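Worksheet: the structure to be examined is printed underneath.
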Amino acid sequence: MEMAWAVVGLVAAAVGAVYVRDRYIQKTHAVLRNYPVLGHFRYAFEELGFYFRQYWFTADWEERPFDRMTRAWVYRSAKGVSNYIAFGGEADLRVPGHVLFLHSPFPVNEDEIKPFDAPVIGAGCPNPYRPKSFFNISGMSYGALSSQAVQALSAGAAEAGIWMATGEGGLSPHHLSGGCDVVFQMGTAKYGVRDAEGNLSDARVAEVAAHPQVRMIEIKLSQGAKPGKGGILPGAKVTAEIAAIRGIPQGQPSISPNRHREVVDVESLLALINRVRRAAGKPVGIKFCLGEAGFLDDLFAVCAARPDEAPDFITVDGGEGGTGAAPAPLAEHMGLSIRQSLPIVVERRAAHGLADRIRLIASGKLVTPDLVAWALCTGADYVVSARGFMLSLGCIQSLKCDTGRCPTGITTPDPRFTRGLDPKEKSVRVAGYARAMQHDVAMIAHSCGCTHPGQLQPRHVRVVDANSG
């Protein structure tokens, strides 16, 4: 009996030691900090899955919105772990939509590689912008994300030399904390640049643009998560700090108008773009999820006639995009996917002779090298991702973004969960993911005979269709 109690005591002591280590000592894993001891089962199941995969009911490629293979690539890249695979690839090369690249018989050698030749954005502005990377962080608001998550993204972005978009929730000190380049996003509620009545304030635009880190302003018309509807921030996430930054009541849901009230047609849209650009002195562009494509011809026709009034860039978001709360009918059934919309925008831009005037940024579930390289081949000048970087922070796709109870502390203001996310530790993961993407897309480009990813062309890629066999 004494021996049994001794064993029980040893086990209890061991569990207690693990608990203390998980909760108070280690800072790498948010899941373990928030769920000490129990969190180890997640990592155990993840590892055992490689050996018992044929017995699991769900295949690696069946989960949604991101399958297990996709998440594993991001996790491993963020941690700096090898992404080499054994025994051949798992992807079915016959499935419609699968991306295949056409390698050159004369690929580029290591001594022939050149750095990414970044296209200038807003060449006619007093302060044009030449980014360092083709892959950057898409808009995610402080409020939708925790302060710790934003701080980690900012520091990681600075380390990797990429930009970070603020999302429509305004410019917070957390966006600036890491020292990265920042793209300020102006949504339909004008958070951060509005007056007391909620109207656009030129003085506030100039104040925001005066920050050296703020390099561009992106006017959001719509987004992939909910095309045709304004942003939604549940009341549980509207803390006193967030309310002050946005200029809204604390604790009440923050719902933006469906469109900018002063924008009713192409002419009024251009008027808004140029008003913001005059106040900011920096490149100004628009972001939308493409729906009715006739809008493009109307917009580009006026831009071709009056190029000085054209937006400096367009961010094309796919209908499959989205990081936070959204009505299911819009998230699932509204707006074209990036696979459909990006080629349309590229073709219409070229038809109006605006390829050098308006830069294109692609967004919408582009989180792995094959899809980022596809976007560059198709005609995008840059690519941005939101959920890819959320995964790099440790998101486990628990689908609790709208509840304020994200178990990894990424999409919640609740200290019970945010304490598990250490910005310093996670910033390394953010930079690791960005660098892995830069490396692997460059590897695809070199195999295609390009010295850097900016040289990728449509002739370098094929997308499997129903007739490919």
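The values are calculated or read from the model by the stated rules, or taken from the named source; none is laboratory data. Computed from a prediction, not measured in an experiment: that's the story for all the values here. Cβ coordinates were reconstructed from backbone atoms using ideal geometry, including for glycine residues, and neighbour counts include every protein chain displayed. Protein only, heavy atoms only, side chains kept; ligands, DNA and RNA dropped before computing areas. Shrake-Rupley method; radii C 1.70, N 1.55, O 1.52, S 1.80 Å.
Across region 108-135, what is the number of residues that are open to solvent by 70 Å² or more (accessible area, probe 1.4 Å) and either more than 30 Å from residue 310 (Cβ to Cβ) or in contact with a Ser or Thr (Cβ under 7 Å, 6 or more places away or on another chain) (or both)?
The qualifying residues number 5.
Out of 283, 307, which single residue is under 26 Å from residue 379 (Cα atoms) and without any contact (Cβ under 8 Å) to a residue 60 or more places away in the chain?
307
For region 405-414, does any single residue satisfy the condition of being modelled with pLDDT of 90 or more and either of a type in the set (Phe, Trp, Tyr) or open to solvent by 20 Å² or more (accessible area, probe 1.4 Å) (or both)?
For region 405-414, residues modelled with pLDDT of 90 or more and either of a type in the set (Phe, Trp, Tyr) or open to solvent by 20 Å² or more (accessible area, probe 1.4 Å) (or both): absent.
Check region 150-159 and report whether any residue there is within 15 Å of the chain's Cα centre (by Cα), part of a strand (DSSP E or B) and crowded, with 17+ Cβ neighbours inside 10 Å.
No, the conditions are met nowhere in region 150-159.
From (1) at pLDDT 95 or above; (2) open to solvent by 10 Å² or more (accessible area, probe 1.4 Å); (3) over 15 Å from residue 212 (Cα atoms), pick out the condition that doesn't hold for residue 179.
Looking at each condition in turn, residue 179 falls short on (3).
Considering every residue within region 325-337, establish whether at least one is modelled with pLDDT under 95, closer than 17 Å to residue 223 by Cβ and open to solvent by less than 10 Å² (accessible area, probe 1.4 Å).
no
Tell me, please, whether a residue that is at negative phi, in contact with a Cys (Cβ under 8 Å, 6 or more places away or on another chain) and either modelled with pLDDT under 95 or crowded, with 17+ Cβ neighbours inside 10 Å (or both) can be found in region 447-456.
Scanning region 447-456, I find at least one residue that is at negative phi, in contact with a Cys (Cβ under 8 Å, 6 or more places away or on another chain) and either modelled with pLDDT under 95 or crowded, with 17+ Cβ neighbours inside 10 Å (or both), so the answer is yes.
Under the condition of being open to solvent by less than 20 Å² (accessible area, probe 1.4 Å) and in a loop (DSSP other than H, G, I, E, B), which residue from region 236-262 is modelled with the highest pLDDT?
Filtering first and then ranking leaves 260.
Can you name the residue in region 84-103 that is surrounded by 13 or more Cβ atoms within 10 Å (Cβ to Cβ) and of a type outside the set (A, V, I, L, M, F, W, C) and, of all such residues, is nearest to the chain's Cα centre (by Cα)?
Out of the qualifying residues, it is 98.
In region 350-403, what residues are closer than 17 Å to residue 218 by Cβ and of a type in the set (S, T, N, Q)?
Correct list: 363, 385.
Yes/no per residue for (1) crowded, with 23+ Cβ neighbours inside 10 Å; (2) under 30 Å from residue 21 (Cβ atoms); (3) free of Cβ contacts under 8 Å to residues at least 60 places away in the same chain:
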| site | (1), (2), (3) |
| --- | --- |
| 372 | yes, no, no |
| 383 | yes, no, no |
| 393 | yes, yes, no |
| 397 | no, yes, no |
| 422 | no, yes, no |
| 430 | yes, yes, no |
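Hey, can you tell me all the residues within region 22-52 that are exposed (fewer than 13 other Cβ atoms within 10 Å of the Cβ) and either at pLDDT 70 or above or of a type in the set (D, E, K, R) (or both)?
The answer is 24, 25, 38, 47.
What tally of residues in region 269-299 results from selecting those that are farther than 20 Å from residue 122 by Cα and in contact with an Asp or Glu (Cβ under 7 Å, 6 or more places away or on another chain)?
So the count comes out to 1.
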